[in-house]
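What follows draws every value from the coordinates through simple rules; no lab data is involved. These numbers were taken from a predicted model, which means no experiment stands behind them. Cβ placement follows ideal geometry from the backbone for every residue including glycine, while neighbour counts extend to all protein chains displayed.
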Amino acid sequence: MKRLQYILIALILCLTFVKPTPTAELPVEDFTHVVFAEEFTATWCVYCPSAAENLMKIYDDIPDEPYYHDQFFFVALITDVNDKADERMGDYPDVTGYPTVIFDGNDEKVTGGQEDTSNYEQAIDNCGQREDTDISLDIEMEHLGADQLGVNLAMTWNEDAPLGDPTFNGYVRAYIVEKVSRYNNYDGDPYHFGFIDYAFDESIELNPHETKELDTIWVGGEHEDSNGDDFSDIDYENINIFVAFFNDESASADKYVLQTAFAIPPELEIDELDEVVGGVLDIHGSAISEKSEIMNVYYRWNQDSWEDSGLNQFNGDFVIPIDTEVVTNGNHELSIKIVDRGASMVQTLNLEILNDDNPPIIQIISPDEGDTVESITILEIEVTDDNQVSDAEYRINDGNWKKMYYNEDDSYIASWNTQGADAGNGEHMINFRASDASSNKAQATVNITVFNEEDITYPYLEIINPREDFYNTRIDIEVETTDPDGIEEVQYRVDNGTWRSLSLDNPPVFTSKWTPTWDGWHWLDIKSEDSQGYITEESLRFETDSTPPTLILNSLSNDISAIAEFDLNIHDYSKLLSLKYRINSGLWIELNKDDEDVIFSWDSTKYDDGECLMEIECTDKWGSVSTLYRNLDVRNQGLIYSIPPSEIEISTVTKISAIIDYENPKTVTMIVAKANEGVLVEGQKIPMYKEGNYYYGDLYFENPGSYVYSIEVDTGHGKLSSYEQNLVVSEKQSVVTEEDDENMLAGPSMLPVIILLCFIALRRRN
């Protein structure tokens, strides 16, 4: 018997865990249409979250389900929060429980919670291979501002009419959904593609090769859910529209879906611009379409007509040159619109435009025309402009232009060694030039005479690289130096350190490399010595930040429960561009990037017990990235302690006790389900009440059998679940009377009973 028992148990386990496999007879590229599914669910449904997550796995094309790319869509019809979703469920009389997923208008149906995606895959395969009527759908969705959506749908019957049947009768539904729903499922997680309303819901009659269009402006504030809350707070970037064209020739009930279409807003990011711009403006950005390509990019000033940029059929970075001179100087709105196969996205920039054709005005302060100068001479000019001065420079005769530095009151200065290689005694011309923000340039010249009693020629020296700028890598030092008597040696030092030689690279250029050892401002000194021993020196300063941010997570333990608090310390020379974290490669959550010490909380109750990977990423303003990883061991089940009773009889109230190691839970509920051949059915929720330090719940069973219970705690932030406990409910034992006792046979007659009790005890132990 024991051997037979083991054999039966093994057979049951084998049958229980056999997984159906998908029957993809055709590759997905040969599907006749995109398959559409309607997920009927409710927020209180215990088994619905698994259905939603498995549908999402297929939609997201995770590595294990790769071949359904762009060939499957679904919508969550949450019947207890949306009356129209409930009405839609009424269109399917055979949908009697949750979760139920209808594929292609009842062409396929899958009921109950699912351990994996296999049953859904099989349904999609079957639907995708069905021969359909050739119907074309084209949808366009545009954000008109606030809670308003402009929606256009074009439908075409691409076939000749069958004999005696000149028209085609169908039914179109355009489901407006939130990709991340405002409603949470039983596990406390947002639904995927939660239905809020229809854009279109009506019968359609088509003639052969005829195109019909539907137009509407949908206003979220004009529609409500079952709770009386409207949809005036929609986030356009979170809105999708899924369109399904149903075969409904009988005009009685939908038979199946013929064709589908979708409108998913593309992603648009525009790089930051200067506060004041002019001339030809290069707009840099990124445009990405989730399920297609960017078909067109448009721009417009203020509310004028849209202009075609000429960009089309791409995904990724783009550049649009836009002439700012078509508008007047002042404040203007520049809007960029991207359009993919079904939707558009607009981003508007507020710009101050300043264009002018007037060059700066240069007034030479020193030296004066005809002056005789010697030794080190100060050059000074005043530059004024009705826009903004961008730079000022000078050069001696036909030499290289050199930078002048802002002094005060619109003046710019520089020093000139009249004994340098570009000078010497005699007449010279000093050229000055300045540019404004509109790239207008102006020049001025002054003629002077150089006279030094001792006619000495110092080396000509110019620092080519680095400039007064920022660097986040190794510095390439480049200088140009010449002298009539020849250059003996060229040296450099940083921050008053040791003098080091530069090498002659490509005459007259000398080079070397320097790697920063700390971040901040540095002084670079260059000196060039000729063969006569005369030395010319030049200096400048530059800034470096080559070190990524330092991240220190001061949390001592990796064991996490309930709401965990983390203390993060950040060190970096520069300001941070971003600071964020995520769990298990999920969505990034932004943290405060302005403080060196950041304390943040993470709600672990939304995750199952076990290991979670926390990833913290920090980027400074120069693009240096640091990433910190921390393995977290979530242990929430251990916060709930409960010991099942040793014995339960039917028709008897049995009290279950529990200790909850969580302060002030919102609700505590016991979930009881019957175990039937390895499958949990007949689930029910029983509220528990608090007395002292314990929580209690009363159980009452009318039927014997094997049951499983667990305790769920709603923290207000998420849900905690205990380990599952097994319950065996037995028939009520009859009372043996004295008369019965006297009539019982002695000796061997008790043996079957003893054997039976031992067998039951053995099974219970097992």
To the nearest whole percent, what portion of all C-alpha pairs in the stretch 298-341 is separated by more than 14 angstrom? 52 percent
If R₀ is 30 angstrom, what is the calculated FRET efficiency for the pair Asp595 and Asp116, using the beta carbon separation as r and rounding to 0.05? 0.10
Lys403: which aspartates and glutamates have alpha carbons under 14 Å from its alpha carbon, excluding same-chain residues fewer than 8 sequence positions away? Glu380, Asp391, Glu393, Glu462, Glu468, Asp469, Glu538
May I ask you to list the aspartates and glutamates whose Cα is less than 18 Å away from that of Lys212, ignoring any residue fewer than eight positions away on the same chain? Asp134, Asp138, Glu140, Glu159, Asp160, Asp201, Glu202, Asp248, Glu249
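For an R0 of 35 angstrom, estimate the FRET efficiency from the Cβ-Cβ distance between Asn407 and His571 and round to the nearest 0.05.
Working: r = 37 Å, r/R0 = 1.04.
Result of the calculation: an efficiency of 0.45.
Run the helix sum for the chain: -39,500 (n - 2.57) per DSSP H stretch of 4+ residues, divided by residue count, reported at 222 nm to the nearest 500 deg cm²/dmol.
-2500 deg cm²/dmol
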Which of (1) 80, 35, 29; (2) 46, 35, 28; (3) 75, 39, 22 is the computed semi-axes √(5λ) of the Cα gyration tensor in Å? It is (3)
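Subtracting the Cα-Cα distance from 0.36 nm times the residue separation, let me have the gained length for Thr372 to Ser292 in nm, one decimal.
Numbers: separation 80, 0.36 × 80 = 28.80 nm, distance 7.23 nm.
The span from Thr372 to Ser292 would gain 21.6 nm if fully extended.
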Among Ala263, Asn440, Val180, flag the residue with its Cα farthest along the positive direction of the charge dipole of the chain, charges on Cβ as +1 for Lys/Arg and -1 for Asp/Glu. Val180
Using alpha carbons only, how many angstrom separate the centre of the stretch 562-597 from the centre of the stretch 344-380? 43 Å
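May I ask for the net charge around Ile361, where only other residues with Cβ less than 13 Å from the Cβ of Ile361 are counted and Lys, Arg are +1 while Asp, Glu are -1? Can you show the working numbers first?
Working: positive: Arg433, Lys441; negative: Asp356, Glu382, Asp385, Asp386, Asp410, Asp436.
Once positives and negatives cancel, what remains is -4.
Give, in nm to one decimal, the length gained when the segment between Asp60 and Arg474 is fully stretched (0.36 nm per residue of separation minus the Cα-Cα distance). Let's see the in-between values first.
Values: separation 414, 0.36 × 414 = 149.04 nm, distance 4.22 nm.
Full extension from Asp60 to Arg474 adds 144.8 nm.
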Could you calculate the FRET efficiency of Asn400 with Val180 from 1/(1 + (r/R0)^6), where r is the beta carbon distance between them and R0 is 45 Å, rounded to 0.05? 0.15
Using the Cα centre of the stretch 577-721 as origin and beta-carbon charges of +1 (Lys, Arg) and -1 (Asp, Glu), tell me which of Tyr700, Gly586, Val598 is placed farthest towards the positive end of the dipole. Tyr700
Cβ charges +1 (Lys, Arg) and -1 (Asp, Glu), total dipole of the chain, debye: 4060 debye
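Obtain the radius of gyration and the Kirkwood radius of the stretch 550-634 from its C-alpha atoms and give Rg over Rh. Working shown, then result.
On the way: Rg = 12.8 Å, Rh = 13.2 Å.
That ratio is 0.97, to two decimals.
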Please compute the modelled spin-label separation between Ile686 and Glu307, points set 7 Å along Cα→Cβ, answer in nm with one decimal. 7.3 nm
For Lys690, which lysines qualify as cross-link partners when the Cα separation must be under 19 Å and same-chain residues fewer than eight apart are set aside? Lys655, Lys666, Lys719
Express in whole angstrom the spacing between the alpha-carbon centres of the stretch 385-410 and the stretch 209-228. 61 Å
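Count charges around Val729 for me, please; just the other residues with Cβ under 12 Å from its Cβ, Lys/Arg as +1, Asp/Glu as -1. List each step's numbers first, then the result.
Working: positive: Lys674, Lys732; negative: Glu647, Glu649, Glu702, Glu731.
Taking every Cβ under 12 Å from that of Val729, the sum is -2.
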Amide N proximity, the stretch 376-391 versus Ala444 label position 7 Å along Cα-to-Cβ, cut-off under 18 Å: 378-391
What is the Cα radius of gyration of the stretch 471-517 over 2.2 N^0.38 Å, N being its residue count? 1.25
Using amide H atoms built 1.01 Å from N in the peptide plane, name the residues 5+ places from Ser226, or on other chains, whose amide H lies under 5 Å from its own. Asn82, Asp83
Just to confirm my numbers, what's the Cα centroid distance between the stretch 103-123 and the stretch 294-340 in Å? 45 Å
What nm distance separates the two modelled labels at Glu731 and Lys666, each placed 7 Å from Cα along Cα→Cβ? 4.5 nm
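Are there GluC sites (Glu not before Pro) in the stretch 535-611 that DSSP marks as loop and that have at most 13 other Cβ atoms within 10 Å, and which are they? Intermediate results must be reported in sequence, preceding the final value.
Details: sites: Glu537, Glu538, Glu543, Glu565, Glu590, Glu596, Glu611; in loops: Glu596.
Here the sparse-neighbourhood loop sites are Glu596.
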Please arrange Ile648, Ile463 by how many other C-beta atoms lie within 10 Å of their C-beta, fewest to most. Ile648, Ile463
Additional length obtainable on full extension of the chain from Trp521 to Ser578, 0.36 nm per residue less Cα span: 18.2 nm
Obtain the nm distance between the two label points defined at His284 and Ile659 by a simple spin-label model: each point lies 7 Å from its Cα along the Cα-to-C-beta direction. 6.1 nm
Of Lys57/Lys291; Lys57/Lys674; Lys179/Lys337; Lys580/Lys621, which pairs sit farther than 24 Å apart, going by alpha carbon to alpha carbon? Lys57/Lys674
